Amino acid sequence: MASFVLDFNEDEGESFHNGTFQRVGFRLLCSMFPEHFDKDKMDEISLQLHNAYQDFIANIQNDTILRYIVTMIPKEVFKKEPSLSDMKNMASFVLDFNEDEGESFHNGTFQRGGFKALCSEFREHFDRSLSKEIALQLHNAYKDFISKNGQPEKTNTSQERQFVGIAYQIPESEMSHSFDVEYFAKAVSHVFTKYYTTPGDYVAPYFVFVQSSGMGKTKILYQYKRLLEGMKHAERKRVALMVLCRSQSTADPRKGEEAEVFDKFMNLKDIVVWIGESNDTIDFDKTQFKLFQYLDKYVDDVIRESEPVELVLMFDEAHYLLRKLKYTKENEERSMEALLFRLVRVWLRTVRPACSIVATFSGTSAKLKNFRIASDPDPNHETDTRDINHRLLRSRGVGLFPTFFMTTTIGCLRKKGGAIKIDGSEYQQAIPYGRPLFAMMESKNELHEDSLSHILRRMLQLQKATSAWKGNDSALLSILGTRVQMGQMAVEVSSNLIEKGYANLTFADDKTATICFMPDPVCARLAMCMMDEDFKMDGNLEGAEKKWWVLQAKNLYSNGLCTPEKGDFGEVMVALYFLMCADVLRKKDNPACDLRKYTKFSVSLKALLDLLVNGGKTEVNSAGELAGEEPRAVSEAKGDAGRQTETASDMDVSNDDSRDSKKVKVDKQSITFGAIQVCRNYNRVYGQSWKEFKSQDYLKHLYKSGVGFYVFPGCDHIDLVFPLKRSDTDSKDGFYFPLVISIKSRAYFTPAAAEKERLSMEDMAKTSGLDCAICLLVVFGSNVRS
């Protein structure tokens, strides 16, 4: 077995030694030694072996960094001299910090901010009041160390451990609807029409398809290709090819599941021509020639078969084309961002009488701003590292086609046979209402703890399980955003959360990119667990207390890293307070804080409302006061309005049209609240009527998903909606009705103003014909706009 692993793909430059051995290699190992491995479990075994291999490589890498850390850090900067174990933890922190940004300890680009974060993370060893001075001292020592000793050696591990392949279940699964494919087809046709009518107006005939991981991008491309293949030969004027980009070749791409999906494989190792043996600087002209040769062959193969009028080239995993490459110009070393992508774009501009071409570039890790470089500047005014003195790189036009991001795939598998496990936990039943990849994995019993660990590390933007995420603003936004959205961020932050997390792109142009966090029970549950200081996973992944998370949310807003959707953060803090209070109750149902047991979402509405009114306090201490864990998103600002609120035991539910009519008594314990995240719903109808809240199917869908939602900005009556469930009915599924919440950010709110708001909501509920609703007014004690 060792000989097999040693020899496998060694001649391709990808091997066990340099950290690039892939899962497919372990699968072939199982096939080569069938007497020792269960052939029915090859996928599971190969995943297990690959994960163990990645951990093994990471440990070797960590030891290398440790030697550099120990040598580099001057002992006089320590307030308390660290043990070897402490130094190992510091090495892990340095290893992970900003690694995915391309600026890391390994390549000589580790920044002063990283050392400041190191001081903060290990504050028991560094004087916190001198963190700036120490960070400067460490950074200077680091630069001096690099100049004398060279860059630390780094094994070539993949950016993230893939727990499923790019072609996972693509041919086998069926589309639940055709809307996304049809919309994609319209986007392709739009480019063909516009570009080939006025080519001088545009940079090139292409557009970008960007969306977060697990949303079905590759599936949409595959189904579009199938759509064209299904046309009658006489009507077939357009042909699509799927091209998988790889930085280096793995196993033979003509074998395995990828070969069933992709038509062509672009191995960049075969295209890039390096000068010398250092693989540091490329030969520009030779690289361009080989790339064009590769692409020309794609066209020749298709024309030879069917002589198409139009060809659609769909590049998947296209982020590999965005790598910054060095080249030599006039005996000077230069570099350019996205060099290969720019060359592909030049090739697309070539006029071909026999064939017109449109390209799409897709991939989770696609950096939107690089794909949307408008044009290459005049080389006579060269001030940017992306510029290069080659006329062929300059386009006539400057127009770019809109980014495609339409994926209406959330919850698309919920009606698939067997998708919802009737006898499963509330968590298992919620999964099909979320991201299609996770729903598919759950249906195959593949959403096990290793996979969940990978998902959580992606949310925290870690390569492996460490506590380094606490100093990463993107990781904090990822967790908080998953639960309560957090509003909008700068393009760079938004792009990062799409590329390396699970945020969804909702709009993009040359200057802006807006995101949201869609209903996703898997990610929301993990984010919920991370807000429990007793939660642990994968050895080193640990949650943090709720007060800490509220402070982080406050700091993110104060520092301007995000801005609330409606202009003030009151509704976000109230939503977070509701979820955290529900989490306190959920924890009682999951006392072990074990991921496998944290599967019950529903809590008593009566207990939740009592907890909300009491500031999140759950127990009585010896002084007779309520005590316990207190999520303080709004508890400090309850004031008079909070004291005016009725407790749950005083509440009745009306189902009669007359305000003075008799109230219907309901078993309060039978009403449950099950939301674990809050999303956005821009349906404008809620400003005029709440009739949609009468739909049992609609409310059941929300409840089963574990989702509440903010209404559109400017809605007069309410800000937040949660679905509730009554189980004391004759219906087997129970009865669903809304909890509608009006949030007022005020320093003071009079009883008369509170009564006016109550009557406004009650009138809206009655005129909308609701059989049942609970209307709640929450005052967030602040008049400061964020």
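The values are calculated or read from the model by the stated rules, or taken from the named source; none is laboratory data. Remember, it's a predicted structure, so these values are computed and weren't measured experimentally. So basically every Cβ, Gly included, is an ideal-geometry build from the backbone, and we count neighbours across all protein chains shown. The protein model used for the area step is the full one, side chains on, heavy atoms only, and it has no ligands, DNA or RNA in it. Shrake-Rupley method; radii C 1.70, N 1.55, O 1.52, S 1.80 Å.
Could you work out the relative contact order of the range 412-451? I mean the mean sequence separation of Cα pairs under 8 Å and 6+ apart, divided by the number of residues, in percent. If you can, show how the numbers build up before the last one.
Numbers: 37 pairs, mean separation 14.4, N = 40.
Relative CO of the range 412-451 lands at 36 percent.
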Going by average Cβ neighbours within 10 Å, how do the peptides 431-438, 558-565 rank, with the highest at the top? 431-438, 558-565
Could you check the spin-label model distance between Ser129 and Ser335? Points 7 Å from the Cα along Cα→Cβ, value in nm. 4.0 nm
Tally Lys and Arg at +1 and Asp and Glu at -1 over the other residues with C-beta under 13 Å from the C-beta of Asp180: what net charge comes out? +2
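How far, in nm, would the chain grow between Lys326 and Ile303 when pulled straight, counting 0.36 nm per residue and subtracting the alpha carbon separation? Please report the intermediate quantities before stating the final value.
Details: separation 23, 0.36 × 23 = 8.28 nm, distance 3.50 nm.
Contour length minus the Cα-Cα distance gives 4.8 nm.
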In the range 670-748, what percent of the accessible surface is made up of carbon and sulfur (1.4 Å probe, ligands and nucleic acids excluded)? 45 percent
Could you rank the peptides 42-53, 122-133 by their average count of other C-beta atoms within 10 Å per residue, with the highest value first? 42-53, 122-133
Can you list residues whose amide H is under 5 Å from Phe780's amide H, if they're 5+ apart or on another chain and H is modeled 1.01 Å from N? Lys744, Ser745, Arg746
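Can you compute the FRET efficiency between Ala2 and Asn445 using 1/(1 + (r/R0)^6), with r the Cβ-Cβ distance and R0 = 25 Å? Round to the nearest 0.05. Show your work: numbers first, answer last.
On the way: r = 31 Å, r/R0 = 1.26.
With a Förster radius of 25 Å, E is 0.20.
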Sticking with the crude label model, points 7 Å out along Cα→Cβ, report the distance from Ser189 to Asp283 in nm, one decimal please. 4.6 nm
Debye calculation, C-alpha points only, no solvent: report log10 I(q)/I(0) for the range 682-746 at q = 0.25 Å⁻¹, in the same order as the q values. -1.11
Extension length gain for Asp40 and Lys290 (0.36 nm per residue less Cα distance), in nm, is 85.8 nm
Extension gain, Leu759 back to Asp509 (0.36 nm per residue minus Cα-Cα distance, nm): 85.7 nm
If you plug each phi of the range 483-490 into the Karplus form 6.51 cos²θ - 1.76 cosθ + 1.60 with θ = phi - 60°, what whole-Hz ³J(HN,Hα) values come out, in order, with x for Gly and Pro? 8, 9, 6, 6, x, 10, 10, 5
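Counting pairs of alpha carbon atoms under 8 Å apart in space and at least six apart in sequence, what relative contact order in percent does the range 724-786 give? Let's see the in-between values first.
Values: 70 pairs, mean separation 26.8, N = 63.
It comes to 43 percent, rounded to a whole number.
When you count, for each residue, the other Cβ atoms within 10 Å and take the mean per peptide, how do 526-535, 264-273 rank with the highest first?
526-535, 264-273
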Taking amide H atoms as placed 1.01 Å from N in the peptide plane, list the residues 5 or more away in sequence, or in a different chain, whose amide H sits under 5 Å from that of Phe535. Gly543
What's the tally of Lys pairs in the range 503-600 whose alpha-carbon atoms lie under 17 angstrom apart, where the two lysines are 8 or more places apart or on different chains? 13
How many nm is it between the label spots at Lys547 and Ser731, if each spot is 7 Å from the Cα in line with the beta carbon? 4.2 nm
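For Tyr698 and Gln111, what does the FRET efficiency come to when R0 = 45 Å and r is the distance between their Cβ atoms, rounded to the nearest 0.05? Intermediate results must be reported in sequence, preceding the final value.
Details: r = 49 Å, r/R0 = 1.09.
The pair Tyr698/Gln111 has a calculated efficiency of 0.35.
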Say R0 is 45 Å: what FRET efficiency, to the nearest 0.05, do Lys766 and Tyr196 get from their beta-carbon distance? 0.15
